[in-house]
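What follows is a set of notes on a single structure, which appears directly below.
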Amino acid sequence: MKVLIVGGGGREHALAWRFKKDNPALTLYAAPGNPGIAELATCLPISVTEFDALATFARREGVSLTVVGPEAPLAAGIVDHFRAERLPIFGPTRDAAQIETSKSFAKQLMLDARVPTARALTFTDADRARGAARELGAPVVIKASGLAAGKGVMVCETLADADRAIDAVLVQRTFGVAGSELLVEEFMEGEEVSVFAITNGEWLVPMVPAQDHKRLLAGDRGPNTGGMGAYAPVSALTREAEGEIVSTILRPTLDALRARGAPFTGLLYAGLMLTRDGPKVVEFNCRFGDPETQAILPVWPSEPSLLDLMLASASNDETPDEDIVTHDRGFAVTTVLASVGYPETPRTGDVITIPPAAAGVTVFHAGTNRRSDGALITNGGRVLAVTASASTFEEAQRKSREFAGRVEFEGKQFRADIGWRELARQTAAGHAGAA
Ligand code: AMP
Ligand code: GLY
């Protein structure tokens, strides 16, 4: 079987790794891929938005499934393009992808479907937005409605901060058209978790929950990033809570999208806040999360294979058992290594040295490249994601941190505390157990 992965980051490397682990005979292609993916797949010099070139390749090679990683091609309609040519593809149509690409669309859908989320109102007028911020009171959250490369959300401690954020989005147009509308949203307090589900729009199979670490520095300080690390599973979510998330959040959302004539196929990502009143939606994404995928896929069981479920989502000709267990055993901790200057102005071109392989450790390439002399160099903000798997959380965390510490490139930044909340929980549970 032949599979084409669209994308070239750590998430796509993790997908390639999992596919090959389950089926070593698989023929894998990636467009454009990266030097890590190149060890598992043939990388094609095609960008993620060259739909004609991608479809031509898929048809000519008889690719059984094209799997789309990033949101940009989904937002631009790659799935619509492939389906029009009857080529099997995993991901949502452009209409369904609005769950991520338009925060005002997502908010309205949740209101209509009574999905628990923060109260919010949408504005195009700055004065009215400022008025709404005063009604909600500080802290308050200001969000550009469109895709803003993860930078369009501002959690404002004071009303003065909120006024500045509203001005930046609606008046100065810092985010361009992504900020032609904004949301003024109630601030939610709690722990965040990411829950992914594979779906064909009707059935859904949830994956084990993960927790991202968005801030650059240890202790959740410093600027927001694309994600500095993740771990899975998250013990803060019990099996009952997971069931509640399926019945009160994931299923009603899929039903509402179907009712609007935009059934969602692919991977639905629910970013949740575990509030005192139960789990509430912070945001939806229309694709696998990065770096959560690098922690979730290593604890995925070998049966059912991830690829089989994705094929079922794309082909619509079989319904999997929705109650299957998607957690094998153990824990995975992923530590992201970022380049100097990340997230504002990441430097590229620094030579990377990766130590020899260690048991239970997988190094996923995110932003790397090969120089003409063959040297591996940094090529983006997030450079590598080091995932360690182990039977205990503590060991996975220690192995991930230690290996991350031994990778070398100039100006390397990483957090040594990925999973600190889980460690605190487990330590507390240990003490309670011992008492
Ligand atoms: P988003 O891009 O929507 O995931 O938002 C980025 C981050 O902002 C989230 O991961 C949260 O940490 C924070 N955030 C977004 N909305 C809220 C909210 N309503 N209350 C508290 N924090 C929020
Ligand atoms: N880890 C956050 C995201 O993928 O959007």
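The values are calculated or read from the model by the stated rules, or taken from the named source; none is laboratory data. The structure displayed is predicted, hence computed values, not measured ones. Counting neighbours? That spans all protein chains shown, and the Cβs are built from the backbone with ideal geometry, glycine included. Only protein heavy atoms, including side chains, enter the accessible area calculation; ligands, DNA and RNA are left aside. Shrake-Rupley method; radii C 1.70, N 1.55, O 1.52, S 1.80 Å.
The table that follows gives values for the structure above.
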| quantity | calculated |
| --- | --- |
| Highest-first arrangement of 236-247, 179-190, 3-14, 54-65, where packing means the average Cβ count within 10 Å | 3-14, 179-190, 54-65, 236-247 |
| Spherically averaged projected area in nm², based on the convex hull that wraps the Cα atoms of the chain | 21.1 |
| Packing rank of 80-86, 415-421, where each peptide gets the mean count of other beta carbons within 10 Å, highest leading | 415-421, 80-86 |
| Computed helical MRE - 222 nm, the chain, DSSP H runs ≥ 4 contributing -39500 (n - 2.57), nearest 500 | -9000 deg cm²/dmol |
| Spatially near lysine pairs across the chain, Cα under 23 Å, sequence gap of 8 or more or different chains | 21 |
| Most mobile listed residue (PRO355, PRO291, PRO73) in the chain, GNM with C-alpha springs under 10 Å | PRO355 |
| Alpha-carbon centroids, region 320-338 and region 108-167: separation in whole Å | 33 |
| Viscosity 0.890 mPa s, temperature 25 °C, Stokes-Einstein D of region 326-435 from Kirkwood C-alpha radius, µm²/s | 164 |
| Student exercise, the chain dipole from Lys, Arg, Asp, Glu Cβ charges, in Debye to nearest 20 | 700 |
| Top of ALA332, ALA178, ALA53 by mean-square fluctuation, Gaussian network on the chain, Cα under 10 Å | ALA53 |
| Accessible area of the chain belonging to carbon and sulfur atoms, whole % at 1.4 Å probe | 49 |
| 1.4 Å probe accessible area per residue over region 148-197, in Å² | 47 |
| Rg/Rh for region 264-390, where both radii come from Cα atoms and Rh is the Kirkwood radius | 1.04 |
| Relative contact order (%) - criterion: Cα under 8 Å, at least six apart; region: the chain | 16 |
| Max mean-square fluctuation residue, GNM over the chain, Cα-Cα springs under 10 Å, options ILE99, ILE142, ILE354 | ILE354 |
